[in-house]
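What follows is a short report on a single structure.
The values are calculated or read from the model by the stated rules, or taken from the named source; none is laboratory data. Bear in mind that the values here come from a model prediction, so they are computed numbers and not experimental data. Cβ: placed from backbone, ideal geometry, glycine included. Neighbour counts: every protein chain shown. Surface accessibility is based on the protein's heavy atoms, side chains included, excluding ligands, DNA and RNA. Shrake-Rupley method; radii C 1.70, N 1.55, O 1.52, S 1.80 Å.
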Amino acid sequence: MFAGKSLWALPLALIGLGASGVAQAQDAPTVYAQVHCMQSTSADYEAVETEIWQPMHQAVVDRGMKLGWAFYGVSYGDASECDYYTVNQYAGEEQLNADVDYEAIFAEVHPDKSWDDAWRQTYDTRRIVRSELWTMVDGVQGPDAPMIAVNLMWADDGDAYEAMESEVWKPVHQVLTDDGDRAGWAFWSLMSPGGTEVPYNYATVDALNHIGLAPIADAFAVAHPDVDSEAVMAESETVRSLVRSEIWTLLSGTSPQQ
């Protein structure tokens, strides 16, 4: 198992916003996550991503043209449509819209391999089911983690929901992370696609160092000692709906730019 940064859960350290986890500062670039839902068609797919594409993504990171790349397998959840995901992360529109010459990078990283053969292997081992673009709203930085829990949400009132996550639940996740019960947390807003056929518009991503229930009630009492936790939890249910929750295992990824 690859051990490294779960990029979709831990973006903050990569752009130097501090280990405590803060909302994006006004002068900090917007962090984007480009998430591709993949359906494997061959047992060779993992090797294609980890052996061919990971070194290329690392080269792009080292050139300062993206923050990072990660490759996940769905461990718990409905994998009939998407059994793998790739996540590319970018700091600002310049990185997001960068024109990367992947063929030239391939020639540098894999000088003894054929670009056409690599693409043939890629097409033969997976298909892209859908692609999504997310923007980071807030987060809590933690240590490296081998898994993430992806919680897809629907909120009718985005402003109310974002305030609730940042003001109420982020401090709780900070306590969980400080105590070692979680390895970080991030809050994302779906930028594209949109429309009535898309069942979610937000996601929270919990970085997991183990699978198991976290002591949410205890952490809430520490973060908000004078607040009625049951009332807040009931209010949370009126602000947003949990559409689906899955656990993904991190299989490969890039290191931050040196």
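Some observations on this one:
- With the simple spin-label model, which puts each label point 7 Å out from Cα in the Cβ direction, the Leu213 to Trp119 separation comes to 5.2 nm.
- Around the Cα centre of the chain, unit charges on the Cβ atoms of Lys, Arg, Asp and Glu (plus for the first two, minus for the last two) sum to a dipole of about 460 debye.
- Relative packing of peptides 159-168, 109-118, 68-77 - highest average C-beta neighbours within 10 Å first: 68-77, 159-168, 109-118
- Extension reserve of the Arg244-Ala221 stretch, reckoned as 0.36 nm per residue once the Cα distance is removed: 5.6 nm
- Accessible area expressed per residue, the chain, with surrounding protein chains retained (probe 1.4 Å, Å²): 47
- Listed peptides 78-88, 225-235 appear in the order 78-88, 225-235 once ranked by packing, highest mean of other Cβ atoms within 10 Å at the front.
- Distance between the pseudo-spin-label points of Ala231 and Ala160 (7 Å out from Cα toward the beta carbon): 1.7 nm.
- The chain - mean residue ellipticity at 222 nm from DSSP helices (-39,500 (n - 2.57) per run, n ≥ 4, rounded to 500): -7500 deg cm²/dmol
- FRET efficiency, Glu81 to Thr30 (Cβ-Cβ, R0 45 Å, nearest 0.05): 0.95
- Protection proxy ranking, peptides 40-48, 140-148, average beta carbon neighbours within 10 Å, highest first: 140-148, 40-48
- Additional length obtainable on full extension of the chain from His110 to Val198, 0.36 nm per residue less Cα span: 27.8 nm
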